[in-house]
1. I'd like the mean, over residues of C:288-300, of how many other protein chain beta carbons sit within 10 Å of each residue's own Cβ.
2. Relative contact order for the stretch B:218-360: what is it in percent, counting Cα pairs under 8 Å that are at least 6 residues apart?
3. What's the FRET efficiency of B:LYS207 with D:LYS47 using the Cβ-Cβ distance as r and R₀ = 60 Å, to the nearest 0.05?
4. In whole percent, what relative contact order does the stretch D:24-163 give with Cα contacts below 8 Å and a gap of six or more residues?
5. Around A:ARG91, what is the net charge, scoring Lys/Arg as +1 and Asp/Glu as -1 over all other residues with Cβ under 11 Å from its Cβ?
6. Assuming 0.36 nm per residue, please report the length gained on full extension of the stretch A:ILE154 to A:MET1 beyond their Cα-Cα distance.
7. Please give the peptides B:29-38, B:229-238 ranked by average Cβ packing (other Cβ atoms within 10 Å per residue), highest first, as a rough proxy for protection.
8. What list of ³J(HN,Hα) couplings, whole Hz, do you get for the stretch C:179-185 from phi and the Karplus terms 6.51, -1.76, 1.60, once you set θ to phi - 60° and write x for glycine and proline?
4 protein chains.
Amino acid sequence: MENLVISHGRDVVPSKLPVEIVERKGQGHPDYLCDKAAEEMSIAISKWYIENTGRILHHNLDKAVLAGGQSDARIGYGEILEPIYLLLVGRAVGVNSKINGKFLPIGKLVIETTKNWLQEDLPHLNIAHDIIVDYKVRSGSTDLVGNFEESTEIPLANDTSIGIGYAPLTKIEQLTYQTERMLNDPATKKKNPAIGEDIKVMGVRHKNKIDLTIACAMICTELVDVDHYFSTKEEVQSLTLDLAAKIWDGDVTVDVNVADVPGNDDCLYLTVTGTSAEQGDDGQVGRGNRTNGLITPYRPMTLEAAAGKNPISHVGKTYNIAAKKVCEEIVNELSVENVDCYLVSKIGKKITEPQIIEVALVGGSKESKTKRRIEEIVQEQMNKMPDIWRGFLNRSYELY
Amino acid sequence: MENLVISHGRDVVPSKLPVEIVERKGQGHPDYLCDKAAEEMSIAISKWYIENTGRILHHNLDKAVLAGGQSDARIGYGEILEPIYLLLVGRAVGVNSKINGKFLPIGKLVIETTKNWLQEDLPHLNIAHDIIVDYKVRSGSTDLVGNFEESTEIPLANDTSIGIGYAPLTKIEQLTYQTERMLNDPATKKKNPAIGEDIKVMGVRHKNKIDLTIACAMICTELVDVDHYFSTKEEVQSLTLDLAAKIWDGDVTVDVNVADVPGNDDCLYLTVTGTSAEQGDDGQVGRGNRTNGLITPYRPMTLEAAAGKNPISHVGKTYNIAAKKVCEEIVNELSVENVDCYLVSKIGKKITEPQIIEVALVGGSKESKTKRRIEEIVQEQMNKMPDIWRGFLNRSYELY
Amino acid sequence: MENLVISHGRDVVPSKLPVEIVERKGQGHPDYLCDKAAEEMSIAISKWYIENTGRILHHNLDKAVLAGGQSDARIGYGEILEPIYLLLVGRAVGVNSKINGKFLPIGKLVIETTKNWLQEDLPHLNIAHDIIVDYKVRSGSTDLVGNFEESTEIPLANDTSIGIGYAPLTKIEQLTYQTERMLNDPATKKKNPAIGEDIKVMGVRHKNKIDLTIACAMICTELVDVDHYFSTKEEVQSLTLDLAAKIWDGDVTVDVNVADVPGNDDCLYLTVTGTSAEQGDDGQVGRGNRTNGLITPYRPMTLEAAAGKNPISHVGKTYNIAAKKVCEEIVNELSVENVDCYLVSKIGKKITEPQIIEVALVGGSKESKTKRRIEEIVQEQMNKMPDIWRGFLNRSYELY
Amino acid sequence: MENLVISHGRDVVPSKLPVEIVERKGQGHPDYLCDKAAEEMSIAISKWYIENTGRILHHNLDKAVLAGGQSDARIGYGEILEPIYLLLVGRAVGVNSKINGKFLPIGKLVIETTKNWLQEDLPHLNIAHDIIVDYKVRSGSTDLVGNFEESTEIPLANDTSIGIGYAPLTKIEQLTYQTERMLNDPATKKKNPAIGEDIKVMGVRHKNKIDLTIACAMICTELVDVDHYFSTKEEVQSLTLDLAAKIWDGDVTVDVNVADVPGNDDCLYLTVTGTSAEQGDDGQVGRGNRTNGLITPYRPMTLEAAAGKNPISHVGKTYNIAAKKVCEEIVNELSVENVDCYLVSKIGKKITEPQIIEVALVGGSKESKTKRRIEEIVQEQMNKMPDIWRGFLNRSYELY
């Protein structure tokens, strides 16, 4: 593997640095909604292609913008004044032409798919009235489609892009991620129906002390009175402290909805639907979590949005997953403190042959045996690349 | 400064790592166009606010989506079949209501501003016909506006966000950036009118060798024949090699438009307008360059889009600039190999009082004198925060 | 009543002319859908105004465009490929500002209202997926709103407009109207579930012979096979002939779906949803039936679209109803063969004081007693004008 | 000609009735703008089809909606706050597919065409900033296109529709029409630059007295002061009275901008661009003038919008012109007081063979010689039908 570089250049892992900062935009956040819209659309269209042509045709649906609505949310009462507007943008082969004698039902796929998962993810959102889902999906550009279509056995990379992974997660990374997951867990919601889905967690570790700042949309119609709002906030705080106690030994503080102005109900974080998209916030694809569900400025990150890209040839999507898998396997098998993996494609070259693969280790042996095992791990992942799309269709990988 | 952390945790700078990867999406790239649209809109509206109210009111215009058009570009001939569609999304105080007895001319500001700079930046784009500029700008959400309005002297942070800077740039960072700037220089265009504005540069350094991959849109109507296309590519390559020779001692290779299929004119990178937005590509705000004009996965990066955010209280914008300035001053004054700066705000707290400031040094003295100077540098930048907006309005900072 | 003109200028009624032509665009026709969307929206917003302010505020929602979708309809199978797009356009006081401390939920009113009646009127249309309902409703223009607001007791006409009515309906007018109503009757649908809602009837009488041409959308998923399609057509024909026998003594022919090409299934009139809006046809407000449910080129007609106009001061709406009522009362009470009524407003004058009222009689006495009774009838209707809005809110008048 | 009916059923012409009402929506009125947008688009696409395929392919572009903008117009100063939004809707063969190896540049045709004539017709409108021109043009429905395509020599009617003409114009019809034309004449504008293009004229004749009500948008930036506004109104009135004196012997009154409230500048009819579309009014295709440029409720009228329909097979367009020509020739040649002509097509039948042709005369001989000449005139027009499209492409016929 001549393009493989195994490096030991860095010798400190994030968890040993004095400061770490980690963020997660949870289910319900406008950027998360855009990411999911893009990815679910790619899955739906991929399945349609397979069913109707036997393989996944070229598409890239990795752009979307959500323009927030206007709502009137008060304790115990809420109304959507103007709906959320979600515009999905991209390219797909078969738009406005027949494929194997069949029309690609692009509108149906976009709207049905999007509304179905929205209904499930945001149960307080009325999908018939509270959101307008629109789309501008055109047929692909000639050259990029050409590139895709020439792929016979092993797909060719559709761009010069970079995929990045790292492992293991630090404690604060785990805590930030799990806090949102726990607060959006059905069991939590059942006990605290006023907790909305739009939950953003920002974790800051300064030496041994972790501060978690949580923005948690409350559902106004599930609240009886103002006290109920504040008691729910306390519950969010308390649940998070319990979780933190299992993960982190040091000090932890948890702040919830810091912008609240007690005594001024207009300044509480109230929503009708559980998402700030109804009023305050707009969103886009690729502006939130990276492919491990986190934003980690102290870590290597790519700006490629995985969500919505075609799962065959768009290495901006597939290489992120492959890189993460390489790291996870290395951490599982070999005794290393931290590993980063960088995969760089070259447009038009086989996706199994990156122009560069870097595995950057902290800790771990420099012996040739270790090196050989790393080579094998990388090679295995590369061998699996042509089949990696199956995992996207099964939603096996976290993407946002 | 109790929130200041000066760390020496990392001891290798990117330039000493075996691999570096750097990317720049140039003027004319769909993501760049979205970034610029957002930022120019923020500048225009800020100026209107100042003129009509004496200060900058709350706004966030940091979302946009560009749906690429369809074009028919061939050597010597080109036609836009369907226009580019650019939708600007955001919030601004005064939309649909009077401010000081005057209506905010939101539509005029959006469309006039956008079309004016597009005309200048993309001279082959016919702004009356080739692009539809639309917008969905609503009045801001009550709570965030409230937060903004309560600011009296020192603005309060409108979010818990992180800003990041680093210095100095490595050689490949400089080279990647300057390559695009040089190719988009008026002098270059004058000699090579077929070079379009949509230029993406991807730099990969492996030890001593740098590979630059350039995607350069060509303007079909400026090309006489196919040979002209290929000779222009050679010129791009040759100009880049000349530039590289001034910056980098080691080996350099330059590849231009790698996806071209010689002999197949349909697979050349031809455009009518100089941007791939006319046909192949869609775009969004915040998906391209960070606030130093580069995408640098080996460096700390924030995912905040600086472009379009309000320049007073949105620390996702202002802290990136402040952090970069801290780093540049430290590098200028003190003998350090590399410095990263992280600034973390807390929603509702004064922007001059971050919850954490980390200055991470590689090299440099650990003496208390140095530490004091760093403290002073940081303090100076914090003191300047309330006035930092002036620099945005003057376009003094690179933002994308 | 100095503005009243009672004329006897014409002495032939349409039924005695050699030719009559009458058309009705039925429930489900794209133009009908637009008319209904506009009017239902006006009703919803009027009710909101009354509930929240005690009176109906200024609005005009009498513009809409429906861009047809794309569908794949075959015998026994159907799929919407691209949804119908319906854009509602107009003006309403209170958009983007508070009224009596409450926000007008314009988006909710538009979308909820529209989807609710669509669901009922087009049971095969999936309102969550098959149609995008969008709107551009702005606050009204200063001057016209001014005009509206100054109205204290008796509203002032908001435009110089004309309203027209006539009575009685001729036989072919009755037949054309009732044919569509009968085919869209739930009882008919129950027996013939394949009959869609988009039914257009064109009646042509030449002397004693009436030809009815019916375009009747069939619902593909309710059809077992091609024979079923043709037997349903025969049923439509047969039902219409039965109805005609009750109304018309002379000859009648009925043609259904004339454009069908037997043997070519692609040329049958098949739909998934019951409306041609899904594929072939676009629509607008005011392009279909007049305020008696018919298009009658041999009759006086106004081009004002009644649907969607505000029911207080827009005489283009209210005068049509008043004129029809005048005619109906005259026909009921006095022995006349035919009567037309024209009412002309003047912008800014009281709606109870038209600038001209013409009652044109065919047959009927020219005695002063008759004249006095006509004056009384007209005066009564004028007296009722300030309250006519109640009838619109109760859907008491046919409008399209 | 067995389908020809020559009738003498009515014996009074409109000019002898006690009342006539006539309206014209002039150049600049939102409905007029929509009509013109639709028709100019049909011309542009027809020309493209001819150039690229040798014949006009199927299209119907007869729907559009204009959502008015928001403006701030004051004496001497004006600003567009939010642009006009114009959405063109329709069907055209070749959208998103190649025709003879060439792409139909649908977007270019729509936007370039529309902006070009707007620039000319509304010189105070900035076409780059003050209006957003958007479109939803899809490929046609299978069945209707099929119908169109099967036409070989003589096109088949694409619908069962009716076309109507009449002649001669009465005095008030001439006066209403010419008033608008005179006020929009370049010579008038040169002397009175403040007269805008959006001029609506409503004429009411009561016996011997004609009242003209004119709504005339004034251009605010061409006005020096309020007196200038009122003096321009007086000029409009005076010019109209001069014109009326040439056409009408009886009394004439002229009212201009009746809704003005003297002393309240906010209630004057001021515009930045010359059209009320900038602020007060929305528009649609087919809601204004009929194919002789007038709205005449006392005359037979069709509701078909001629503008935008395909000029080959859409009889809703072509039959109106043919019917008017029949009437004009009869009036020219034969001594009749008034003639109406009705042409009714049948879907799928040759356009040269209407299912009914009625020529309704008032006055004129009932001799067989006259009857034969009328038959000849009708036959000539029918013979010319297959070529009538040329006149649409040359803009030879008034359509709105």
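1. On the way: counts 1, 1, 1, 0, 0, 0, 0, 5, 3, 12, 8, 3, 7.
For this peptide, the per-residue mean of nearby foreign Cβ atoms is 3.
2. On the way: 121 pairs, mean separation 18.4, N = 143.
Rounded, it is 13 percent for the stretch B:218-360.
3. On the way: r = 62 Å, r/R0 = 1.03.
That gives a FRET efficiency of 0.45.
4. Values: 193 pairs, mean separation 33.2, N = 140.
About 24 percent, as a whole number.
5. Numbers: positive: A:LYS63, A:LYS136, A:ARG138, A:LYS309; negative: A:ASP62, B:ASP281, B:ASP282.
Combined, the nearby Lys, Arg, Asp and Glu give +1.
6. Values: separation 153, 0.36 × 153 = 55.08 nm, distance 1.77 nm.
Roughly 53.3 nm would be gained on extension.
7. Values: B:29-38: 27.6, B:229-238: 17.8.
So the peptides B:29-38, B:229-238, ranked by packing, come out B:29-38, B:229-238.
8. The phi angles translate into 4, 5, 4, 5, 5, 9, 6 Hz.
Quick note: the coordinates plus some simple rules give every number you see, no bench work behind them. Just so we're clear, the structure is a prediction, and the values are computed from it rather than from any experiment. Don't worry about glycine lacking a Cβ; one is built from the backbone with ideal geometry, like all the others, and counts go over all protein chains shown.
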